[in-house]
Amino acid sequence: MTLKLRKLSYPLGAEVCEIDVARPISESAFGEIYRAFLDHGILLFRNQNISREQHIEFSRRFGELDRHDSLPRDRHPDYPELLRVTNRQNSDGSPSDSRYTGRSWHSDMSFTTQPSLGSLLRAWAVPEVGGDTLFANMYLAYETLSPGMQKLIEPLYGIQLAGTRKINDPKSGVPRLEEQKRINPPVAQPVVRVHPETGRKALYIGDKVKRFDGMTEEESAPLIQYLVRHATRPEFVYRHQWRANDILLWDNRCTMHQALGDFDETQLRELERTTVLGTPSGYVVAAA
Ligand SMILES: O=C(O)CCC(=O)C(=O)O
């Protein structure tokens, strides 16, 4: 099979055309998909009207799946491999705990010592307009820094915290934050990460980084802010406009992303994510 690809943007992403991920995919065809994933950082599969089981099965081709023990509130009650991102109200009428998921720049599971290789987010329902997701190419972010800045940040470790939502539900926000702190102690991750498969260096930063190990928050803040701003310059960013039955696969080792709240919240936005486990990285720190 020769994969039919259509580039999604200048910095990253490609659509895999004319494919049905629920049908058997041979080893060699899957090899082409995996190569495209490494080359483009994001792959889009449109019109995939598949079941939850098929979503999980396709995701398993990329590696072992996270059962989301670090995000117990958001996982699907019947499918621990699926993480829910939805504004659908709970059955008792209370707001969904995951309606503000991903509203700041992050790379999935960076706050654990086994950050994700990649994620596959499937859209069940999307608003009429808006509710897009931004993705930044972290290879480009690193490569466009000056040699002096690259040298300065090379030895740094960023302390990543779970539960750093910018927007919290007023009711469940505090218990959620307390739970997150309990389950996920702060983890230090290298600010420059070598991608284990491509060997390229990528910036590993985001809004979950509170400070650099060995430095105060006050000292760290200007550099963290600079790096996040630099990495999210429009020329490094792809903006995904969702359609129902999209599956978007991204490489968490060389991209970061942010969900946008630019939509009518009375309309349903419902997605589910599988998370492929990556290689161990970073270390737990005693205090944030
Ligand atoms: O809702 C989205 O568009 C993205 C959700 C997200 O950030 C995530 O699943 O990590």
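What to note about this one:
- For the stretch 251-272, a residue qualifies if it is under 23 Å from residue 75 (Cβ atoms) and in contact with a helix residue (DSSP H, G or I) (Cβ under 9 Å, 6 or more places away or on another chain), and the qualifying residues are 251, 253, 255, 256, 272.
- Failed condition for residue 23, given (1) within 13 Å of the ligand (Cβ to nearest atom); (2) under 30 Å from residue 2 (Cα atoms): (1)
- Within this structure, residue 38 fails the test of being assigned to a strand (DSSP E or B) and either surrounded by 13 or more Cβ atoms within 10 Å (Cβ to Cβ) or under 17 Å from the mean Cα position of the chain (by Cα) (or both).
- Test result for residue 15, within 16 Å of residue 248 (Cβ to Cβ) and acidic (Asp, Glu): yes
- When 16, 85, 21 are screened for being part of a loop (DSSP other than H, G, I, E, B), at pLDDT 95 or above and β-branched (Val, Ile, Thr), only 21 passes.
- Within the stretch 235-270, tally of residues that are under 16 Å from residue 59 (Cβ atoms), more than 11 Å from the ligand (Cβ to nearest atom) and crowded, with 18+ Cβ neighbours inside 10 Å: 3
- Residue among 163, 148 that alone is surrounded by fewer than 24 Cβ atoms within 10 Å (Cβ to Cβ), under 21 Å from residue 66 (Cα atoms) and without any contact (Cβ under 8 Å) to a residue 60 or more places away in the chain: 163
- Residues in the stretch 78-96 that are within 18 Å of the chain's Cα centre (by Cα) and away from the ligand (no atom under 13 Å from the Cβ): 80, 81.
- Failed criterion for residue 200 (all others in (1) modelled with pLDDT of 95 or more; (2) surrounded by 16 or more Cβ atoms within 10 Å (Cβ to Cβ); (3) on the phi < 0 side of the Ramachandran plot hold): (2)
Conditions tested, residue by residue: (1) within 24 Å of residue 205 (Cα to Cα); (2) in contact (Cβ under 8 Å) with a residue 24 or more places away in the chain.
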site	(1), (2)
33	no, yes
50	no, yes
64	no, yes
77	no, no
87	no, yes
110	yes, yes
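- Just so you know, in the stretch 271-286 the residues that are among the hydrophobic types (A, V, I, L, M, F, W, C) and part of a loop (DSSP other than H, G, I, E, B) include one that is farthest from the ligand (Cβ to nearest atom), and it is 286.
The values are calculated or read from the model by the stated rules, or taken from the named source; none is laboratory data. In this text, all values refer to a predicted model and were calculated from it rather than measured experimentally. Cβ sites come from the backbone with ideal geometry, for glycine too, and all protein chains shown count toward neighbours.
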